[in-house]
Structure formats: structure tokens, C-alpha cells
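Accompanying notes for the structure given below.
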Protein chains: 2
Amino acid sequence: MSELKNDRFLRALLRQPVDVTPVWMMRQAGRYLPEYRATRKKAGSFLDLCKNPELACEVTLQPLERFALDAAILFSDILTIPDAMGLGLYFAQGEGPHFKHPVQSRAAVDKLFVPDVETELRYVMDAVRTIRTALDGRVPLIGFSGSPWTLATYMVEGGGSKDFAKVKGMLYDDPASMHKLLDITARTVINYLNAQIAAGAQAVMIFDTWGGALTTRDYKTFSLNYMQQIIAGLTREHAGHKVPVILFSKGGCQWLEDQASSGADALGLDWTLDIGLARKRVGDRVALQGNMDPTVLYASPERIREEVAFILQSYGQGNGHVFNLGHGIHQHVDPEHARAFVDAVHELSRPYHQ
Amino acid sequence: MSELKNDRFLRALLRQPVDVTPVWMMRQAGRYLPEYRATRKKAGSFLDLCKNPELACEVTLQPLERFALDAAILFSDILTIPDAMGLGLYFAQGEGPHFKHPVQSRAAVDKLFVPDVETELRYVMDAVRTIRTALDGRVPLIGFSGSPWTLATYMVEGGGSKDFAKVKGMLYDDPASMHKLLDITARTVINYLNAQIAAGAQAVMIFDTWGGALTTRDYKTFSLNYMQQIIAGLTREHAGHKVPVILFSKGGCQWLEDQASSGADALGLDWTLDIGLARKRVGDRVALQGNMDPTVLYASPERIREEVAFILQSYGQGNGHVFNLGHGIHQHVDPEHARAFVDAVHELSRPYHQ
């Protein structure tokens, strides 16, 4: 593997000095880019694209060709894991993900197993290897997984949900089954992320998209608890380099102190908390990644720069900040606005690192 | 008007002693009740039901016939205000609210006006008067309105939204228009709630359902700020009785201290924060209303009692707690589970008031 030419992202996650604040965007390889839409068309379905290492590599690199991003993120989907468990993932036209065999009973939970990620999810590791080769050390590659709780919401509901009636029904009425499901999923995530790291992922991120839908007790018991187990089970050093871990519970800023004790190197932040206040709350225990509202990208480049300046000022002087959006970039954003965002971070952050 | 026979709810909002913790449920008159579905069928559309004072009264009282609730809430919809502004509210089959004339440009904002609520929304005041007569002092009646920001999301998006692209586009790119829209809406809300109070509403609640979608700065500037103006403009005493005001920003627990300084008597809480911690943060400045996850009602009556017990214990001894769900009751909940919830609050709370 080639030496890394730009290690800002990894250094910031480890709270080491950098020249400017590194920046990437969640869902940076996505539908807002015409070249992504072209590759997607060529691939067939969204799932076909995820399962094709060459094309997954192609879309992973597309945003790097346009913008001065400091990291690449594996193009994939969090639902590859339940798919590998045999739940039968499919995407209905314009309707989001669905499972043919949702896990809606104790009997269904009892049938769950930890899949062999090296065979069942080999296409993901192949994509990681292909991307690392194509990147040639340009920027680091981020691997990722959904959190067990977040995966459980899809596995039990059978798709997306607004109120999580079924999965919370199981959580409240049959916590033993819920724990069993989460335990199997957590063990799978450990194997999955370690396989990604072995294949070349230089940092990993755990997306807990629906942790914020839980009460405080349930967040700790059913979400954070399993993420801690995962973090404890991860390969934290590979090929002589540390592999930082980012934990992101969307809508979970009220539990930041607990997250900071999870063992993660960095925490993702949505946009509902000032990053300066978040920094005060976590101290020097973790780095912070975030936290611009993705809808700011609908505004003018001037307004985008203003918002970037505000967030940089809020974080203040020193190390430990990776700039990002507080959630994935929206599909109707003008790519030129994404460029204004990325460039503004680099241009305006230099004074904070002197 | 008859003397109030059960004033627990009002006393708790004013942090006065009560015998047991009062309880009501957001959306307690709703689709989970077969008798509601029958009246709804009789009325025609949802909007027809809102605009028919006799039938609105009928559904308002239905949950009180079943459960030992300590308050009634006016059956209506937050979107009556933009409808009265001429935006043309309609509900497409199974698709939620839509506006024929959304407010998507500066020119459209410039055309907005403060409608005469006494004439344009007379059906609401008629419903309040009808309900007060029918209640005959049994429990207090709650009036309500959406917050200006929450109303703005529907007015600009033209209906519900997942990412608020249009309304945030206006907020970020044309804040002057957004402020103008919010100012007109806030002045309308003041007139609307004061008219409800004059007609007989004994407490009022401001629903800021989408405040939690904003950044901290924008929440203060574009949502809380206008709710403060509303609270300052409300009739706080009517017919010799105080009229308490409840403010509820869903997903806004990170701003609880700011909300406590808004002038509201009580704050609504969703379920993502322990109510005991919330009480520590707001001190004796406001009462708290909440905060059971509505999905707990899908669990067994035993599990529901357990959750009620936990929340009562978390709040602890003393005054200032109105028990409620952290969001509206779901349509697929078994009414017997709602009964278990209401009864558990009364039965288990007595020791906390001795």
C-alpha cells in the first residue's frame, strides 16, 4: 500500500495538530452528483451498485475528483449485514429499503446467526481493496457499519419506520429477544468492521441513525452498550497505523458525555448542538466531527461560508475537529455549493491551527 | 360557566399541591378509538370534523368517557391558521396535509396578512364554547396552536417534509422574508389563542413540533423568539383564573434552560431526556409535562405500569408534574392500554404527593 499523502483526517481524529481542518461529507458519493447518477444507471439497482466492487470504487472516488475532500468513504449501505443474515434486502422503486423476511417474533430471533462476513460480504472487502488501490494514498478510506440498534429497527420493522412501533414493541415487551438480536448483530459488526480494516479501511464509523429515538435508559442499554462492545472488539491498529473509530448517534447530543466514555476516538454531531458547547462537554476525551446543517447547502455560497466560519469559531483554536455535515448531503444540492463548503473549510480554518 | 370539579391539571401547571399527578394524552381524541373513527366517518373529511363544532365537541369528550383523564384538549388541527390565511388546506387520502398555495417566494410572503380569527376561525371558538358547556366543569379544557416556526414549515413546504429544504432555504437565504412570515404568524397566534381563552380555554399549549430540526442559534432566533412574543401577548388571567401556558419543542431538550426563560408556565418534554434530569435543569421556574415514549403503549399493561413508575420516581416528590406521553398516542394502540396508562399514573403517584 502507498504512503498516505494527506493524513489530516486521521490526525484530527486522534487530536493531533493539522495545518487546516479536514473535511468530508456524509453521503458525499451520491445522487447530487450527475456522474453518480450515470454510474448508478449503468449498475442497475442501488444494491447492484453496492455489490459491484469496480463500480462501488468508481462512485467512491467521484467526489474526490471534484472537491478537495480529506477522506473517502466506502460506498455501501448499512443494510448489507441483515442481507447477509438472509433477511432478503430489496429496494422498492422510490420507497427505500425492505426485507423479505423481517424479524418479528422470538422464533425469528432464534433463527438469527452471525454470518461469515468474509464470504457473505466479500463484495464489501473487495470494494475496500479496490478503492485503496485506486486511491493510491491520496486520502484515507473510511469503512463503516450501522449500529446494532439502528440495524435492528430495519430488521424488525422490515424497512424504514416513522414510529418504530414493532421494534420498540419487542424492546419493551420481550427485551430478552431484543438483546439476543442485538448481541448477534454486534458480533457480526465486529467481524465486519475488522474485515474492512484488514482489507484496508483506515478509520471506521458506526452510524447510529436511530439511537435518538430511544429514552435515555434504553439508549444506554440497547444502543450505546452494544456500540461499546463493538469498539472494544475492533482492531485499533493495522499495518503500523492507528485505526480511529467514530461513533455517531443522530439526535443523541443529550448523551454526549456517555458517548465520550465509549472508547471511540471521535463523536459525530448533528447540527442541533453548538460544537463549541459540545467540545466543553467532552473535553479532550474525544475528537468531534460535524456539524453543519446539510440544508445550509441549499443557501448561497456566501451564506455557506458564513455558516462554516461560525462553526469554526464555535469550535475554536486547536486540534480534534473534523468538519462535516450533521447528516448526509441531500440529493438536490448543487455540487457547486458542496465545493463552496469544502473550500471554505480549508480557507477559513487556517488561523485556528496556528 | 360551572365551577371546575377537577383542577389537578391547572394546579400542577402552576406548581401547586395536588393529590395525585394529573394525566392526559396528546392526541387523546383520535384514531385509536373506534368511537372516534365512527364520528370521523359521519363528519366526512378530517377537516370537516375540525370545522363542525358539535362533532369536534363529540370527539373531544370521547376519551373522557373511557378514561379518568384530568384534562380535555380541543379537537382541532394546527393548520387552521394558514388555512385562515387563504393557503387552501386540504388532506389528500392517507397523505397528510397539503396547501394549494404554499408560500415559496418573497412575493408570496408579502401577500400574507393577519386574518380576523373571530370570523375566519369562528368554528374553533364555537367548538371551544360547545365543549366547555358539554364538559360542565368536569375537567379543564386546553386550547392550542402550532408555533410560528412549525406552521412556517408547512406553509413554505406546502405540506409535511422530511428535510425542510424549502423552508430552511428561505431561512438561510432570505431571513428577512422568513422573519416577516413568522411575525405575521406570531401575531395571528396571539389573536387565535386569546380568542380561544375568551371562548373558554382554561390553559393553552404551543406545539413546536419541528423546533428540534434547527440549529441552536436558529432555534432561538426563528422559533423560541416568536414563542416568547406570543407568550408575552397572551391573556394570562381570565374570569378570575390564571390561564397557564405550556410550550413544547419536540426534539428540543437541549434548549430546556432557554425554554424555561420564555415566560411559559410549563414545558412539554419528549421521551429522550429523563424527567428527573430535566427537573434539575429547570429548577422551580416551570412545571414539566411528559414524558413517556408513546410506543410503550404497545407493550403489556404490566410493562406500561413499570414505565409509569419509573417516570414518577425520576420526577420525584412534589409539585409541578403533569403526566403525558412525549408525543401523540399512535393510532394502532389498544384503548385498554391507554386505560392502563392513565390508571397507573393516578394509582402510583399518590405517595409522591404526601
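The values are calculated or read from the model by the stated rules, or taken from the named source; none is laboratory data. Keep in mind that this is a model prediction, so the values were computed, not measured. Glycine also receives a Cβ, built like all others from the backbone with ideal geometry; neighbour counts cover every protein chain displayed.
Here's the yes/no breakdown for (1) surrounded by 15 or more Cβ atoms within 10 Å (Cβ to Cβ); (2) out of contact with any helix residue (DSSP H, G or I) (no Cβ under 9 Å at 6 or more places or on another chain); (3) charged (D, E, K, R):
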residue: A:32; (1), (2), (3): yes, no, no
residue: A:36; (1), (2), (3): yes, no, no
residue: A:42; (1), (2), (3): no, no, yes
residue: A:50; (1), (2), (3): yes, no, no
residue: A:58; (1), (2), (3): yes, no, yes
residue: A:61; (1), (2), (3): yes, no, no
Matching residues in region B:140-184 - criterion: being under 30 Å from residue B:239 (Cβ atoms) and either within 14 Å of the chain's Cα centre (by Cα) or among the polar types (S, T, N, Q) (or both): B:141, B:142, B:143, B:144, B:145, B:146, B:147, B:148, B:150, B:151
Residue A:252 being under 17 Å from the mean Cα position of the chain (by Cα) and small (Gly, Ala, Ser): yes
Residue B:129 under 21 Å from the mean Cα position of the chain (by Cα) and without any contact (Cβ under 8 Å) to a residue 24 or more places away in the chain: no
Leading residue by the ranking (surrounded by the fewest Cβ atoms within 10 Å (Cβ to Cβ)) among those in region B:300-340 that are among the small types (Gly, Ala, Ser) and within 23 Å of residue B:37 (Cβ to Cβ): B:328
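Filter region B:6-51 for residues that are part of a loop (DSSP other than H, G, I, E, B) and among the basic types (Lys, Arg); which is farthest from residue B:209 (Cα to Cα)? Talk me through it step by step, then tell me what you get.
Pass one, region B:6-51, residues part of a loop (DSSP other than H, G, I, E, B): B:6-7, B:14-22, B:24-33, B:44-45, B:51.
When the remaining residues are screened for being among the basic types (Lys, Arg), the result is B:15, B:27, B:31, B:51.
Details: B:15: 25, B:27: 13, B:31: 20, B:51: 22 Å.
Once the filter is applied, the top-ranked residue is B:15.
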Number of positions in region A:313-351 that are more than 23 Å from the chain's Cα centre (by Cα) and either in contact (Cβ under 8 Å) with a residue 60 or more places away in the chain or part of a helix (DSSP H, G or I) (or both): 8
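Within region A:301-312, take every residue that is in contact (Cβ under 8 Å) with a residue 24 or more places away in the chain and either not β-branched (Val, Ile, Thr) or not in a helix (DSSP H, G or I) (or both) and give me the one that is nearest to residue A:260 (Cα to Cα).
Ranking the qualifying residues of region A:301-312, first place goes to A:312.
Which one of B:280, B:242 is of a type in the set (Lys, Arg), surrounded by fewer than 22 Cβ atoms within 10 Å (Cβ to Cβ) and touching a residue at least 60 places away in the same chain (Cβ under 8 Å)?
Values: B:280 fails: touching a residue at least 60 places away in the same chain (Cβ under 8 Å).
Exactly one residue qualifies, and that residue is B:242.
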Residue in region B:115-135 that is farther than 30 Å from residue B:9 by Cβ and at pLDDT below 95 present: no
Residue among A:201, A:232 that alone is more than 14 Å from chain B (Cβ to nearest Cβ), surrounded by 18 or more Cβ atoms within 10 Å (Cβ to Cβ) and either touching a residue at least 60 places away in the same chain (Cβ under 8 Å) or hydrophobic (A, V, I, L, M, F, W, C) (or both): A:201
All positions within region A:252-277 that are surrounded by fewer than 20 Cβ atoms within 10 Å (Cβ to Cβ) and facing chain B (nearest Cβ under 8 Å): A:277
Those residues of region A:13-30 which are buried (at least 21 other Cβ atoms within 10 Å of the Cβ) and in contact with a Ser or Thr (Cβ under 7 Å, 6 or more places away or on another chain), in sequence order: A:21, A:29
Qualifying position, being in contact with a Ser or Thr (Cβ under 9 Å, 6 or more places away or on another chain) and acidic (Asp, Glu), among A:77, A:116, A:110, A:48: A:110
Residue list for region A:87-109, restricted to those being part of a loop (DSSP other than H, G, I, E, B), more than 23 Å from the chain's Cα centre (by Cα) and more than 27 Å from residue A:57 (Cβ to Cβ): A:100, A:101, A:102, A:103, A:104, A:105
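If we keep just the residues of region A:279-327 that are facing another protein chain (nearest Cβ under 10 Å) and small (Gly, Ala, Ser), which is nearest to residue A:206 (Cα to Cα)?
Going residue by residue through region A:279-327, those that are facing another protein chain (nearest Cβ under 10 Å) are A:291-300, A:302-304, A:306-307, A:310-311, A:314, A:326-327.
Then drop every residue that is not small (Gly, Ala, Ser), which leaves A:299-300, A:314, A:326.
On the way: A:299: 29, A:300: 32, A:314: 25, A:326: 14 Å.
Taking the candidates together, the pick is A:326.
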From A:208, A:183, residue being away from chain B (no Cβ under 14 Å), acidic (Asp, Glu) and either within 20 Å of residue A:247 (Cα to Cα) or out of contact with any strand residue (DSSP E or B) (no Cβ under 6 Å at 6 or more places or on another chain) (or both): A:183
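Test residue B:218 against the stated conditions and say whether it is out of contact with any Phe, Trp or Tyr (no Cβ under 8 Å at 6 or more places or on another chain), of a type in the set (Asp, Glu) and crowded, with 20+ Cβ neighbours inside 10 Å. First the steps, then the outcome.
Numbers: out of contact with any Phe, Trp or Tyr (no Cβ under 8 Å at 6 or more places or on another chain): yes; of a type in the set (Asp, Glu): yes; crowded, with 20+ Cβ neighbours inside 10 Å: yes.
In short, yes.
Just for region B:259-288: of the residues that are assigned to a helix (DSSP H, G or I) and over 19 Å from residue B:313 (Cβ atoms), which one is nearest to the chain's Cα centre (by Cα)?
Filtering region B:259-288 for residues assigned to a helix (DSSP H, G or I) gives B:259-260, B:275-282.
Checking the rest, the ones that are also over 19 Å from residue B:313 (Cβ atoms) come to B:259-260.
Numbers: B:259: 15, B:260: 17 Å.
Per the criteria, the residue is B:259.
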Residue among A:89, A:79 that is more than 17 Å from residue A:183 (Cα to Cα), surrounded by 14 or more Cβ atoms within 10 Å (Cβ to Cβ) and in contact (Cβ under 8 Å) with a residue 12 or more places away in the chain: A:89
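Report those helices (runs of 4 or more DSSP H) wholly inside region B:110-190 carrying at least 3 residues which are surrounded by fewer than 21 Cβ atoms within 10 Å (Cβ to Cβ). Please lay out each step first, then the result.
Details: elements: B:117-120, B:122-135, B:148-157, B:165-173.
Passing ranges, in order: B:117-120, B:122-135, B:165-173.
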Residue B:177 being within 14 Å of chain A (Cβ to nearest Cβ), farther than 20 Å from residue B:251 by Cβ and among the polar types (S, T, N, Q): yes
Failed criterion for residue B:123 (all others in (1) away from chain A (no Cβ under 14 Å); (2) out of contact with any Lys or Arg (no Cβ under 6 Å at 6 or more places or on another chain) hold): (2)
